[in-house]
Amino acid sequence: MVEIPTGPKGKLPQRLTQIKNKESTTSTTSLSTPNSRIRSPITPSVDISTVTNDTAQKTETPTNGNMASSSTEKQEAQITSTIQLSRPFLTRQQIKFARSKTIENPAIYNQRLLQLHQYLLKICHSFKFPMRVLEGSMYYYQRFYLHNKFEKTALINPLDVGITCLFIVSKNEDTIKKLRDLLILFNQTRGVTLSAEQFENYRKRILSIEFQILETIGFDFRTYHSEEFLIKYNKLLKVDKETSYISWLILCDTYQTDVSLKYPPHIIAICCIILNNKLSDSSLKLTTDYQRLRCEEKLVNECLQDILTHYVESFKITGLALKFPDYQIKFVHIKMEFNESKPQMMFHVDEKQKQQQHQDLEKDQFFQERDFTTGERRYMLENQKKRLYAEVDK
Amino acid sequence: MPPLYTKSKKVGEGTYAVVYLGHHTATQRPIAIKEIKAGQFKDGLDMSAIREMKYLQELRHLNIIELVDVFSSQEGDLNLVLEYLPADLEMLIKDRSILFSPGDIKSWLLMTLRGVHHCHRNHILHRDLKPNNLLLSPQGELKLADFGLARSLTSPNELLTHNVVTRWYRAPELLFESRHYTEAVDLWAVGVIFAELMLRVPYLPGRDDLDQIDVTFQALGTPTEENWSNVSSLPNYNDLKIYPEPTRSELRKRFIGATEAALDLMCGLLCLNPANRWDTERALLSGYFKESPDPTVPVDLPKLSKKE
């Protein structure tokens, strides 16, 4: 066992219970939320939570903001150390909660998201990036704004965050381009001209944003590619190439939404295939053997609902609308049919559970405002969780 | 609390990081810290650093270096905390005062193959295997290190870069600049390392990329359509001198003391055609590992004679 340097005596038990609490809330929520989702073998299961592993100062101080200054004043040789466990998938409630803290005006946020999607799509075309680069960029971008303020007053321009996400993903997906070239094209795309000096400053700013994004995603470089599953499932279900093309178009439209934050890639893929099947008039026999495809039905339905809502509410901006402008009404019908038949096959939370969940979220340090400037910030994947608890639980 | 890790001594400077020796404060376990200075590079965080984190965060195996921690310091530098491994296989091979017994060689090869097998069953290619990247713990355990060139296997229609693996350990398909390759590139490298362990000198030391082709095929024969169909359609397959494949007795003469099973394994790993090259499973199950002598127990393996 690792010996943990402890803070003032008597404070430790308090910290312990906090962490214990968190453990128990984790397990209770996982029964009723997609945390318990069945995953494909290549998608490792993931859990959660930030644990503060410093002296009791942190629990004593009322806000995180004060914590930094007080700890440096008190003891110079002491360092605040935090541990961040990676948590790549979140529930609807968790996302809503996180955004309530970072996003003041959801309408502006959504507008920016779609604008960014358009720009990045153009860049991906120009550089012949595979679509998974766009998928990853939108994923990182949306993760970023779960933990960083999105406001007019925020120092960072959301579009700059977006292009930096694309830059990181292009490295992670082995399709790297020079940052310079990427930024030149990005500025052309959005009609911005910069002098040589301005450009140099801009490049430096992007590099500082890069680090903040990397810290926000917790240096978790695992990738999730729905496209791979889409192709494999289509083959498995013997959908011909022409028909499966529409499911691919649907998949591309999901990059405009936040489904990739909530559902693992194989769930998203199967949803696109199901929708394609409902859209096409040919009554293709789809054996939705969810067990065999390792898709949990409740999760599939939740994801389907999200995608359908996107098509019904924002059909005009989707890629599918360009090819099939008359499909909007079809989606309305499918959604109506879905609302009638499916709700019992989804996750249900009553008022009491909802309140409990909200309380858990309030306590969960994962959703507290993050400080990327002080202390030692450690990052772990959940495969080190055992070690983490061994260290903290002393 | 005090800093989790102390940095005591700078031991090296890599392409993208400075490496320090240090200790885990609480346990005094020795560790190595790769410190990556923020904002030092034109293109931000180096791809090698990303790869190293991406793969080592998930791989856990006795014969793969352990990534202990990833943290950002107060100053905003990124630190990768790695297991401290004081020696590598290249140092041992070069240390003329040490004799390798057949059991020693078998032990190192076994540990290498186990590490590579673990990478491959997780669909990860190492792409830079060489004695210099096979590190040794004080207890004699061999561990694969430097995942800066590693990548996961992708869909077959994706192009890969052929410019990987240190020249002397580069498989023929890479020499021909093929844009599609598989785990077999790692096994070729293991084969060359195996030969090097027996010979105590680099087996295929090409002076440059062109010379590497010549050296490789002079030793192992030039691949032809007969033993490797469609090889002539690879980009760099031209102006080749045709060397015959070495006969068994020639190999026996070159590798004195190698048993028949050892030569079988080496030829399996150094098979020109990647499709017929042995995979880790076949190599691990080969007769070489079943026949006597047993692989030396790691703690009994030779250590560096002088302290560096």
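Assorted remarks:
- The 1.4 Å probe gives accessible areas that order A:Asp181, B:Asp186, largest first, as A:Asp181, B:Asp186.
- Comparing the full protein assembly with the isolated chain, the residues of the stretch A:159-190 losing at least 10 square angstrom of accessible surface (1.4 Å probe) are A:Phe167, A:Lys171, A:Asn172, A:Asp174, A:Ile176, A:Lys178, A:Leu179.
- Helical runs (DSSP H, four residues minimum) scored at -39500 (n - 2.57) apiece and divided by the length of the protein assembly as shown put the mean residue ellipticity at 222 nm at -14500 deg cm²/dmol.
- Members of B:Lys37/B:Lys130; A:Lys122/A:Lys241; B:Lys54/B:Lys241; A:Lys342/A:Lys386; A:Lys96/A:Lys178 lying beyond 30 Å, as alpha-carbon distances in this model show: B:Lys54/B:Lys241; A:Lys342/A:Lys386; A:Lys96/A:Lys178
- Amide H partners (placed H, <5 Å) of B:Asp88, local residues excluded: B:Leu136
- Taking 7 Å steps out from each Cα toward its Cβ at A:His348 and A:Ile108 produces label points 4.1 nm apart.
- Applying the criteria of a DSSP loop state and at most 15 other Cβ atoms within 10 Å to the trypsin sites (Lys or Arg not before Pro) of the stretch A:291-373 yields A:Arg292.
- Applied to the stretch A:327-340, the Karplus parametrisation 6.51 cos²θ - 1.76 cosθ + 1.60 on θ = phi - 60° returns per-residue 3J(HN,Hα) values of 7, 3, 5, 4, 5, 4, 5, 4, 5, 4, 4, 4, 4, 6 Hz, with x for Gly and Pro.
- Backbone HN-Hα couplings from phi across the stretch A:304-317 [Karplus 6.51/-1.76/1.60, Hz, Gly and Pro as x]: 4, 4, 4, 5, 4, 4, 4, 5, 6, 7, 10, 3, 4, 8
- Efficiency of FRET between A:Lys235 and B:Leu62 - r from beta-carbon atoms, R0 51 angstrom, step 0.05: 0.85
- Per-residue SASA entry for B:Glu58, accessible area with 1.4 Å probe, Å² rounded to 10: 90 Å²
- Counting only other chain Cβ atoms within 10 Å of each residue's Cβ, the peptide B:66-75 averages 6.
- Accessible area of the stretch A:226-345 belonging to carbon and sulfur atoms, whole % at 1.4 Å probe: 54 percent
- Rounded, prolate or oblate (a/c below 1.5 giving rounded, otherwise prolate when a/b exceeds b/c) for the stretch B:162-263 by Cα gyration tensor: prolate
- Accessible area of chain B belonging to carbon and sulfur atoms, whole % at 1.4 Å probe: 52 percent
- Burial order of peptide ranges B:50-57, A:114-121 (average beta-carbon count within 10 Å, highest first): B:50-57, A:114-121
- Residues in the stretch A:343-379 occluded by at least 50 Å² - accessible area, probe radius 1.4 Å, against chain by itself: A:Glu376, A:Arg377, A:Arg378
- Over 21 Å between alpha carbons, listed pairs A:Lys128/A:Lys330; A:Lys204/B:Lys7; A:Lys235/A:Lys278; A:Lys278/A:Lys323; A:Lys171/B:Lys9: A:Lys128/A:Lys330; A:Lys204/B:Lys7; A:Lys171/B:Lys9
- Annotation: amide H-H contacts under 5 Å for B:Val68 (H modelled 1.01 Å from N, sequence separation of 5 or more, or interchain): B:Val81, B:Leu82, B:Glu83.
- Our coupling estimate for the stretch B:242-257, obtained by passing each phi through the Karplus curve with A = 6.51, B = -1.76, C = 1.60 and θ = phi - 60°, is 8, 9, x, 5, x, 7, 4, 5, 4, 5, 4, 5, 6, 10, 5, x Hz, Gly and Pro reported as x.
- Normalised per residue, the accessible area of the protein assembly as shown is 46 Å², obtained with a 1.4 Å probe and no contribution from ligands, DNA or RNA.
- Pairing chains A and B buries close to 3400 square angstrom of accessible surface in total, based on protein heavy atoms and a 1.4 angstrom probe.
The values are calculated or read from the model by the stated rules, or taken from the named source; none is laboratory data. For clarity, every value in this text was computed on a predicted model and none was experimentally measured. Cβ: placed from backbone, ideal geometry, glycine included. Neighbour counts: every protein chain shown. Remember, those area values only see protein heavy atoms, side chains included, never the ligands or the DNA or RNA. Shrake-Rupley method; radii C 1.70, N 1.55, O 1.52, S 1.80 Å.
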